[in-house]
Amino acid sequence: MANNLNIEVSPLSRVEGHGDLIINVKDKKIEKLMFRIPESPRFFEAMLVGRKYDEPSHITSRICGICSVAHTCASIKATEKALGIKPSEQTINLRKLIYHHENVQSNVLHVYFLAAPDFFGVGSVIPLVETYPEVVNIALRTKKMANDIVRIIGGRAVHPIRTVIGGFTKLPTEEEMIKMKEMLLASYPDLEKSLEILRTLKIPEFERKTEYISISDTIDYALYDGNIKSTDGWEIDDQNYLDKMKEKVVKYSTAKHCWVKGNVFMVGALARFNNNYQKLTDNAKKYAEELGLKAPCHNTFMNNIAQFVEIVHSIDDSIRLIDKILEDGLDEGKAMTDIKPGAGRGVGVVEAPRGLLIHDYTYNDKGRVEKANLIIPTGMNYANIEKDMHALVPTILDKSEDEIRLTCEMLIRAYDPCISCSTHFLKVKLINR
Amino acid sequence: MSKPKVGIFGFTGCGGCQLEILNLEDQLLDLVNAIEIVHFTELVTEYSDTYEIALVEGSITTKHGVERIKKIGNIAKTIVAIGACAVTGGLNCLKNLYGLEKAKELVYGDKKDWIDSIEVKPIDTYVKVDYYSRGCPPNRFEIVDIVRSLIVGRKPEIPNYPVCVECKRNGNTCVYELGITCMGPISRAGCNSRCPNSVSGCEACRGVIDEPNVNAQKDLLAEYGLTVEDIMEGFNLYNACKGKTIEQKGK
């Protein structure tokens, strides 16, 4: 039983980027609890100023290697909105398809490579190569399938080339579409095996009610497009995000923090699941049920399970999208839409693997960026992570220091924080209106 | 043969180069078997400060970063810079172009003095770099080739010919014919001309070859009614730090 506790984990491993965790407990009371981001800031909003309308998607893709498709799409959507460009339905379907597979590769990376070692009591995925080769092989196969789909549609797995404003510089061939469908169909046995493995994991018990925010659509389980929706019952058009959100700079972090109406909130797979459960495929719903995940779920640790359920959904929905694209017939004439540069402001909102991602650009009449604002999911989760820790730590003080440290690390890891992205991350604040 | 101890380190960047190592998929387990990874914060909790080879991603942009890279320089026998940010400073250098103080003020406002940020530099400003795996992202197979070469004691072969060579080999239509500008004639190959393959112009993310035929690039631009200035903005995306203009490169 620990009355006093000093935990400092620096740097926290198996997260993308550099973050530190500091907890001081004295006489069973938390004196200090901090998840600090000392990662170097990068100044993307400054880099973008003055750049031509066709460059921001290439520049902002480099915010994050793991979610470069998400940044590319948010950027493209913001610019298309600002310049009044309407991409074809074919373009949107292909974007949704590539989008699914960045989400799959990212979720696989997190569930199997970064989070799973904690459940198997090891420090990384490397020892699992010997002890649980099947887990590693399933992960590598599923990740490769997803990356190959991103490669086929985007031209490469990290920082896609073909996804540009107006459409695609090059379309996949019909043969490639059929090949992708075969790859997807071949992945189901691995999903079944994953289900058996995940069922054996002991997910820590924890519950803390918070607000969950994601995008939401009337038809899709929204990743690429939708309104911004909260489990607190409000829904707004994505162009009006500033009605609800505010960012501010905090001293110990290069990442700005984000608030909604003074409340902290959570974004990411669990938030999407809680808001959009009904839009999942029946198959994905079945997996959720098998793994004990029900909406609304207030256990942050279950974010890992929500990520897996999303993998199933993305694979199901990709097959539907491929059938639709093939049925409509791939049309070179619809690959690109005409672009006329001009002045305007546009907001692009998507669900990055780690949650709500907002790009907001203002262009001058020469089609050059005058002002850019980027709000990143980990920045939104930051305050919620600290609240979760405050709720969790007092309940586990009877455990050993090592166990407390591990449980806290697992909690942060459950968010799949992406610190490279968030080094612009301000605390984002929701406003009560 | 004992396995070389390898550290994989990230500085300021997007993590994409380290991700490309994980994206090796088919070769990843062989790579993990051939080396002993002793430091890789993104993937592994345990770490040690004894290693022979350091693979370094990212640019140096903070005082803390300068200390860290110097420490790595003191430990590693061989340093490999992976990716544009480590090799040339990459896209991060757009901050220098904008102006450091101005950038701090724009993003962090009156809180700008809280932020540790210095002018962006590639890692060879502070340590001796033995090999460069260029590009944004780098070619993951080239990273494997460099590591393999280091294990067997052979010098890795890094192309020093322009992207046009690969592009022609791939049978692409020259993108200039389609009205797209391209840095291919003077940019270093090794990417398998991946941007022109996707009907996009090369952005020189692997930098310029050692002795570029600048006149050929100028002639090509002239043929399509363009000037060097027209393409410099694109060239600056990944090459603003090394600061040489195309004119200087020719000298």
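Exactly one residue among A:126, A:178, A:165 is surrounded by 16 or more Cβ atoms within 10 Å (Cβ to Cβ), modelled with pLDDT of 95 or more and β-branched (Val, Ile, Thr), and that residue is A:165. Residues that are surrounded by fewer than 22 Cβ atoms within 10 Å (Cβ to Cβ) and more than 13 Å from every other protein chain (Cβ to nearest Cβ) within region A:97-123 comprise just one, A:119. Scanning region A:376-396 for residues that are crowded, with 24+ Cβ neighbours inside 10 Å and either at pLDDT 95 or above or not small (Gly, Ala, Ser) (or both) yields A:376, A:377, A:378, A:380, A:381, A:382, A:388.
Assess whether residue B:249 counts as being closer than 25 Å to residue B:86 by Cα, modelled with pLDDT under 95 and assigned to a loop (DSSP other than H, G, I, E, B).
On the way: closer than 25 Å to residue B:86 by Cα: yes; modelled with pLDDT under 95: yes; assigned to a loop (DSSP other than H, G, I, E, B): no.
Considered against the rule, which asks whether it is closer than 25 Å to residue B:86 by Cα, modelled with pLDDT under 95 and assigned to a loop (DSSP other than H, G, I, E, B), residue B:249 comes out as no.
Flag: residue B:81 matches the condition of being closer than 17 Å to residue B:6 by Cβ and either touching a residue at least 12 places away in the same chain (Cβ under 8 Å) or within 9 Å of chain A (Cβ to nearest Cβ) (or both). Within region B:99-116, being within 24 Å of residue A:246 (Cβ to Cβ) and among the acidic types (Asp, Glu) holds for B:105, B:110, B:113.
Scanning region B:90-107 for residues that are free of Cβ contacts under 8 Å to residues at least 24 places away in the same chain and crowded, with 16+ Cβ neighbours inside 10 Å, we see that the one that is farthest from residue B:12 (Cα to Cα) is B:106. Of the candidates B:8, B:37, the single residue that is touching a residue at least 24 places away in the same chain (Cβ under 8 Å), assigned to a strand (DSSP E or B) and away from chain A (no Cβ under 11 Å) is B:8. Pairs are defined by a Cβ separation below 7 Å, a sequence spacing of at least 6 or placement on different chains, a first member in region A:44-68 that is facing chain B (nearest Cβ under 7 Å), and a second member that is of a type in the set (Phe, Trp, Tyr) and surrounded by fewer than 24 Cβ atoms within 10 Å (Cβ to Cβ); the pairs so defined are A:46/B:98; A:47/B:98; A:49/B:98.
Confirm whether residue B:46 is touching a Leu at 6+ places or on another chain (Cβ under 7 Å), within 7 Å of chain A (Cβ to nearest Cβ) and modelled with pLDDT under 90. Criteria not met by residue B:46. In the set (1) under 21 Å from the mean Cα position of the chain (by Cα); (2) over 12 Å from residue B:86 (Cβ atoms); (3) buried (at least 20 other Cβ atoms within 10 Å of the Cβ), the condition left unmet by residue B:37 is number (1). Could you list all residues from region B:108-132 that are within 14 Å of chain A (Cβ to nearest Cβ) and in contact (Cβ under 8 Å) with a residue 60 or more places away in the chain? Those that are within 14 Å of chain A (Cβ to nearest Cβ) and in contact (Cβ under 8 Å) with a residue 60 or more places away in the chain: B:120, B:121, B:123. Residue A:335 meets the stated requirement of being within 22 Å of residue A:52 (Cβ to Cβ), of a type outside the set (Phe, Trp, Tyr) and within 28 Å of the chain's Cα centre (by Cα). Taken over region B:207-238, residues that are away from every other protein chain (no Cβ under 14 Å) and assigned to a helix (DSSP H, G or I) amount to 11. So for region A:89-108 (the condition being touching a strand residue (DSSP E or B) at 6+ places or on another chain (Cβ under 7 Å) and either free of Cβ contacts under 8 Å to residues at least 60 places away in the same chain or in a loop (DSSP other than H, G, I, E, B) (or both)), does at least one residue qualify? No, region A:89-108 has no match at all.
Mind listing just one residue for me: the one in region A:6-46 that is assigned to a strand (DSSP E or B) and of a type in the set (Asp, Glu) and, of those, modelled with the lowest pLDDT? If we take residues in region A:6-46 being assigned to a strand (DSSP E or B) and of a type in the set (Asp, Glu), then A:16 is modelled with the lowest pLDDT.
Just one of the listed residues (B:53, B:21) is more than 10 Å from chain A (Cβ to nearest Cβ), crowded, with 16+ Cβ neighbours inside 10 Å and farther than 24 Å from residue A:58 by Cα, and it is B:53. Being in contact with a strand residue (DSSP E or B) (Cβ under 8 Å, 6 or more places away or on another chain), among the β-branched types (Val, Ile, Thr) and under 30 Å from residue A:84 (Cβ atoms) holds for only one residue in A:300, A:337, and it is A:337. Annotation note: of A:93, A:137, the sole residue that is out of contact with any Phe, Trp or Tyr (no Cβ under 9 Å at 6 or more places or on another chain), under 30 Å from residue A:363 (Cβ atoms) and surrounded by fewer than 21 Cβ atoms within 10 Å (Cβ to Cβ) is A:93.
Say we look at region B:170-206 and pick out the residues that are among the hydrophobic types (A, V, I, L, M, F, W, C) and in contact (Cβ under 8 Å) with a residue 40 or more places away in the chain; which of these is farthest from the other protein chains (Cβ to nearest Cβ)?
Going through the qualifying residues, I end up with B:186.
Within region A:111-138, the residues that satisfy the criterion of being touching a residue at least 40 places away in the same chain (Cβ under 8 Å) and over 18 Å from residue A:193 (Cβ atoms) are A:114, A:117, A:118, A:123, A:124. For region A:327-354, how many residues are of a type in the set (Gly, Ala, Ser) and in contact with a Ser or Thr (Cβ under 7 Å, 6 or more places away or on another chain)? Number of matching residues: 2.
This table checks each residue for (1) farther than 26 Å from residue A:172 by Cβ; (2) crowded, with 17+ Cβ neighbours inside 10 Å.
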site: B:147; (1), (2): yes, yes
site: B:153; (1), (2): yes, no
site: B:198; (1), (2): no, yes
site: B:221; (1), (2): yes, yes
site: B:229; (1), (2): yes, no
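On inspection, residue B:69 passes the criterion of being in contact (Cβ under 8 Å) with a residue 12 or more places away in the chain and either under 29 Å from residue B:208 (Cα atoms) or in a helix (DSSP H, G or I) (or both).
Taking region A:151-167, which residues are in a strand (DSSP E or B) and either within 9 Å of chain B (Cβ to nearest Cβ) or of a type in the set (Val, Ile, Thr) (or both)?
A:163, A:164
Among the criteria (1) surrounded by 21 or more Cβ atoms within 10 Å (Cβ to Cβ); (2) in a helix (DSSP H, G or I); (3) more than 8 Å from chain A (Cβ to nearest Cβ), the one residue B:31 does not fulfil is (1). One residue stands out in region A:295-340 among those that are in a loop (DSSP other than H, G, I, E, B) and touching a Lys or Arg at 6+ places or on another chain (Cβ under 7 Å): the one that is nearest to residue A:409 (Cα to Cα), namely A:298.
The values are calculated or read from the model by the stated rules, or taken from the named source; none is laboratory data. Computed from a predicted structure; not experimentally measured. Because the Cβ atoms are built from the backbone with ideal geometry, glycine has one as well, and the counts that use them run over all protein chains shown.
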